[in-house]
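The values are calculated or read from the model by the stated rules, or taken from the named source; none is laboratory data. Remember, predicted model here, so these are calculated numbers, not experimental data. Note that we place each Cβ from the backbone using ideal geometry, even for glycine, and neighbour counts take in every protein chain shown.
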Amino acid sequence: MDKQLMDVVLPRLARPLYRQLERYQTGKMDDDTFTERFESLLRRQHAWLEKRGIPAQRAAIAIHAAVLVLSLPGLRAEAAEANLPLEVVEHKAVREAAADVASNYNIPEPRAAQAIASLVAHYGD
């Protein structure tokens, strides 16, 4: 079911996120505005999923995984810049996302990390 959920979440996040990134990269949006709008987009996505009966924990895992999938080009660039394997940078990003989910949704961090990593592996390139 989480893979089906990702099929819904990815396109719903991708379009507005890329529009925001474009505005940010062209200087039409500053750091604070980008952060504020990005967080607002994630909150709206989470609320939309919950209204459709998706439990909060599952919605959070799917949203975090989708953000990482959409961030893979940036993670690749970060890995290249730091001269590290992509897996190292990706693992760190998954752990940070899992820590956020675990602290906000009262689930064990390893379980959140496994769920996020599984979705990222399935949907990443």
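Exactly one residue out of ARG15, ARG23, ARG52 is surrounded by 11 or more Cβ atoms within 10 Å (Cβ to Cβ), over 11 Å from the mean Cα position of the chain (by Cα) and basic (Lys, Arg): that is ARG23. Pairs are defined by a Cβ separation below 8 Å, a sequence spacing of at least 6 or placement on different chains, a first member in the stretch 5-28 that is under 21 Å from ALA62 (Cα atoms), and a second member that is surrounded by 14 or more Cβ atoms within 10 Å (Cβ to Cβ) and among the basic types (Lys, Arg); the pairs so defined are LEU5/ARG58; GLN20/ARG37.
Give the residues of the stretch 30-58 that are in contact with a Leu (Cβ under 9 Å, 6 or more places away or on another chain), among the aliphatic types (A, V, I, L, M) and without any contact (Cβ under 8 Å) to a residue 40 or more places away in the chain, sorted by residue number. Listed by number, the residues that qualify are LEU41, LEU42. Scanning the stretch 79-109 for residues that are in contact (Cβ under 8 Å) with a residue 12 or more places away in the chain and crowded, with 18+ Cβ neighbours inside 10 Å gives VAL89, GLU90, ALA93, VAL94, ALA97, ALA98, VAL101.
Looking at the stretch 36-118, none of the helices (runs of 4 or more DSSP H) lying wholly inside it contains 2 or more residues that are closer than 18 Å to TYR18 by Cβ, of a type in the set (Ser, Thr, Tyr) and modelled with pLDDT under 95.
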